[in-house]
1. Quick one: if you stick a label point 7 Å off each Cα along the C-beta vector at residue 84 and residue 71, how many nm between them?
2. Please compute the modelled spin-label separation between residue 130 and residue 27, points set 7 Å along Cα→Cβ, answer in nm with one decimal.
3. Which of 24, 47, 4 sits closest to the plus end of the dipole of region 1-103, meaning its Cα is farthest towards the positive end, when Lys and Arg get +1 and Asp and Glu get -1 on the C-beta?
4. Among 38-49, 14-25, what's the highest-first ranking by average C-beta atoms within 10 angstrom per residue?
5. May I ask you to evaluate 6.51 cos²θ - 1.76 cosθ + 1.60, the Karplus curve with θ = phi - 60°, for each residue of region 38-44 and list the ³J(HN,Hα) values in order in whole Hz, giving x for glycine and proline?
6. Give me the percent of Cα-Cα pairs in region 1-76 that sit more than 14 Å apart, rounded to a whole number.
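No lab work stands behind these numbers, since they all come straight from the coordinates. Small disclaimer: the values here were computed from a predicted structure and weren't measured. Cβ placement follows ideal geometry from the backbone for every residue including glycine, while neighbour counts extend to all protein chains displayed.
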Amino acid sequence: MLNTLWALIIPQALPLWSVILMMNFFRRVPKEIEEAAIIDGASYWQVLYNVFLPISIPALATLTLFGAVGHWNAWFDGLVLIADRAKIPLQTFLRTIVIRMDMNELMRKPEDFGLYSDRSLRAAQTLVTVVPILVVYPFLQRYFIHGITLGAA
């Protein structure tokens, strides 16, 4: 599996922390809600879709945000599991450029080396790293505070 995309996907397909948080969230949901829906004639799938799914939107949104940020910032997995330079993830690529200052990754002509400064590369890395999360966060913000406390009680 080394040097494939599956090496990055499969180990993190079911994060244990998310399972524990969701389990604690569903333990706090009163059984009477499910029983009332069944008495009203809902099937188990309808109870799942019409009762439990709307209740769990804050928890799912929070875990989605945590998962997205975690995957987005995971540069070490690509460094360890992917050896082919054409297949490395974006964060691993940016780390290679900024930490090692390996300008050969960016350009093919040696005379272009003087065009890039250390500050420019760090600013580019920061921008590319932060913007996608900043785009997603406002949509999930209203669920975040409620969802962050889902395993607290």
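1. Each label point is offset 7 Å from its Cα along the Cβ direction, giving 2.0 nm.
2. 3.9 nm
3. The residue sitting most towards the positive pole is 4.
4. Numbers: 38-49: 11.8, 14-25: 13.5.
Top of the packing list down: 14-25, 38-49.
5. 5, 4, 6, x, 7, 7, 5
6. Working: 2004 of 2850 pairs.
Value for region 1-76: 70 percent of Cα pairs lie more than 14 Å apart.
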